[in-house]
1. Sort out which residues of segment 69-97 are hydroxyl-bearing (Ser, Thr, Tyr) and in contact with a helix residue (DSSP H, G or I) (Cβ under 6 Å, 6 or more places away or on another chain), and write them in order of number.
2. Just checking, does segment 341-351 include any residue being closer than 21 Å to Leu513 by Cβ, among the aromatic types (Phe, Trp, Tyr) and buried (at least 17 other Cβ atoms within 10 Å of the Cβ)?
3. Determine which single condition Leu85 fails, assuming it passes every other condition in (1) surrounded by fewer than 19 Cβ atoms within 10 Å (Cβ to Cβ); (2) more than 21 Å from the chain's Cα centre (by Cα); (3) modelled with pLDDT of 95 or more.
4. Filter segment 481-500 for residues that are touching a helix residue (DSSP H, G or I) at 6+ places or on another chain (Cβ under 7 Å) and over 18 Å from Gly42 (Cβ atoms) and give the result.
5. Given (1) surrounded by fewer than 22 Cβ atoms within 10 Å (Cβ to Cβ); (2) modelled with pLDDT under 95, identify the lone condition not met by Tyr235.
6. Scan segment 216-225 and give yes if some residue there is modelled with pLDDT of 95 or more and surrounded by fewer than 19 Cβ atoms within 10 Å (Cβ to Cβ), otherwise no.
7. Just to be sure I understand the filter: pairs with C-beta atoms under 9 Å, separated by 6 or more residues or on different chains, first member in segment 103-119 and more than 25 Å from Thr51 (Cβ to Cβ), second member outside any helix (DSSP H, G or I) and basic (Lys, Arg). Which pairs pass?
8. Based on what the data block shows, is Asp66 surrounded by fewer than 19 Cβ atoms within 10 Å (Cβ to Cβ), over 22 Å from the mean Cα position of the chain (by Cα), charged (D, E, K, R) and in a loop (DSSP other than H, G, I, E, B)?
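The values are calculated or read from the model by the stated rules, or taken from the named source; none is laboratory data. This one's a predicted model, so the numbers in the text were calculated from it and none came from an experiment. Here the Cβ is made from the backbone with ideal geometry for all residues, glycine too, and neighbour counts use every protein chain on show.
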Amino acid sequence: MPAGESFYIATPIFYVNDVPHIGHAYTEVAADVLARWHRQRGEDTWLLTGTDEHGQKILRTAVANDTTPQAWADELVESAWKPLLKTIDIRNDDFIRTTDERHEKAVVTFLQNLYDKGLIYSGEYEGYYCVGCEEYKQQDDLVETETGDYAGQLVCKIHSRPVEILKEKNYFFRMSDFEQRLLDLYESQPDFVQPESVRNEIVQFVKQGLSDLSISRSSFDWGIKVPWDESHVVYVWFDALLNYIAAVGYGSDDAEFERRWPAVQLVGKDIARFHAVIWPAMLMAAELPVPRNVFGHGWLLVGGEKMSKSKLTGIAPNQITDTFGSDAFRYYFMRAINFGQDGSFSWEDLSARYQAELANGFGNLASRVIAMVQRYFDGQVPEPGELTDADRRVRITEQASTDAADSAIDRFAIHESLASIWNLVDELNGYITEQEPWNLAKSEETRERLATVLHTAYRGLGTLAVLLSPVLPQATAKLWTALGGEGGIDEQVISEAAKWRGSGSVTGLDGTLFPRIEQPAA
């Protein structure tokens with residue numbers, strides 16, 4: 001995208017029925033890395049996250065904890081969800097709550113618009129309902145359990161808990177009217193839904209035929225009132241999806257809305273149908289642009305199962321960051337898992353990658369180069385002499401890593417981007433081992449060669465600092481200062497990374513970028 005162009009990316013808004021686990025943090029980090037990268041391209045970037053606070057599940061959770069749903073949401077947002085963002089270094093531009101007045105006004109405006117167009121009607125619905133998903137389920141979304149507490153009952157495939165049979169008078173959105181328009185969208189914009197596995201599932205789902213969508217509930221009152229019938233509240237998903245436009249001025253600030261929308265929507269694959277079917281149909285109905293992309297990433301698995309607090313597989317992010325730090329948290333999940341596919345978390349893999357890739361690979365490289373510039377040239381970066389093939393290979397790798405990493409980001413392939421950057425880490429480590437600057441320093445006759453080697457390594461480190469800044473903001477800021485970089489590291493332009501020159505002097509690193517951890521978490 002050209003510099004200055006708008007890039008708006010949104011995470012799902014997370015349900016406040018419980019505290020966050022690393023599955024939630026995984027989505028937040030991915031969105032943050034993409035946002036930081038686009039900012040460093042010079043694009044007008046906006047990152048939105050927030051919380052979903054209405055619906056039956058929140059009401060039941062609050063009642064079970066002897067409080068009101070509003071008080072429950074307020075407590076969880078302030079004690080758990082906002083602190084999560086600091087724990088993993090998320091640089092969000094906005095945080096929206098579905099109980100915010102701006103959101104509720106946008107929902108009412110949007111709903112009334114569709115009602116006035118004749119796209120909403122009243123009727124009755126009866127079906128299987130999963131409170132965990134806040135969704136009516138089709139038969140193929142359910143499975144009959146054979147053992148355990150729910151033996152012989154139909155349970156949701158996602159939550160493994162029994163569904164309820166609900167029958168009530170609701171208002172319906174004429175979603176079936178948009179079936180062909182959705183199929184046309186998927187065909188004309190093949191990258192609208194990504195990755196391909198999720199796209200194929202979405203297309204097949206719509207081809208089977210769409211029913212109209214129940215968009216109100218009258219059996220409980222925790223939600224936004226339907227404007228023409230206050231005995232109903234808006235269905236929680238219809239309500240929640242509108243946060244993405246409410247946050248950027250829909251119905252209140254036309255200029256801001258035009259500046260920001262449409263967005264890239266980053267979601268877990270289990271909620272891709274809501275974002276790639278219901279949401280664009282809603283926008284089509286309101287004659288608004290559909291999202292730029294919907295990317296449904298894979299699940300984090302623990303013991304072969306999707307991470308879940310209810311299944312006791314949830315791991316709190318601070319259980320990792322308290323030992324390894326936030327940079328290692330961000331790096332591990334972006335590097336170890338192919339973004340878009342399911343991935344398994346293990347403490348052993350986290351510890352191994354921390355030691356081998358961060359502490360020994362990148363951190364030790366930075367410490368060695370800076371220390372040698374200080375020791376052999378009193379902290380002044382020497383000018384290079386004549387370049388050899390080895391020096392030129394480093395420069396070629398700098399440019400190739402920059403180009404490949406940047407290209408991978410446009411495909412949402414964060415893991416590929418990091419792999420490309422790590423080619424430069426490996427190249428520099430191999431270069432230093434091969435050139436042996438400590439031996440070159442023993443003779444005045446090889447001093448010019450020593451200057452060329454350390455200048456080349458110094459320049460490569462600067463390139464790495466810029467490229468890794470979106471993933472490792474703390475370590476790269478520290479490195480940038482030690483390298484004598486001017487301005488903030490997050491102000492450096494990604495495309496210029498391989499051309500970086502530096503100020504000509506270094507200062508000592510305050511400790512190591514990634515301290516060794518002798519006893520990994522268990």
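1. The one that is hydroxyl-bearing (Ser, Thr, Tyr) and in contact with a helix residue (DSSP H, G or I) (Cβ under 6 Å, 6 or more places away or on another chain): Thr87.
2. Checking segment 341-351: not a single residue is closer than 21 Å to Leu513 by Cβ, among the aromatic types (Phe, Trp, Tyr) and buried (at least 17 other Cβ atoms within 10 Å of the Cβ).
3. Here Leu85 meets the rest and fails (2).
4. Ala482, Leu483
5. It fails just one condition, (1).
6. yes
7. Gly118/Arg174; Leu119/Arg174
8. Answer is yes for this residue.
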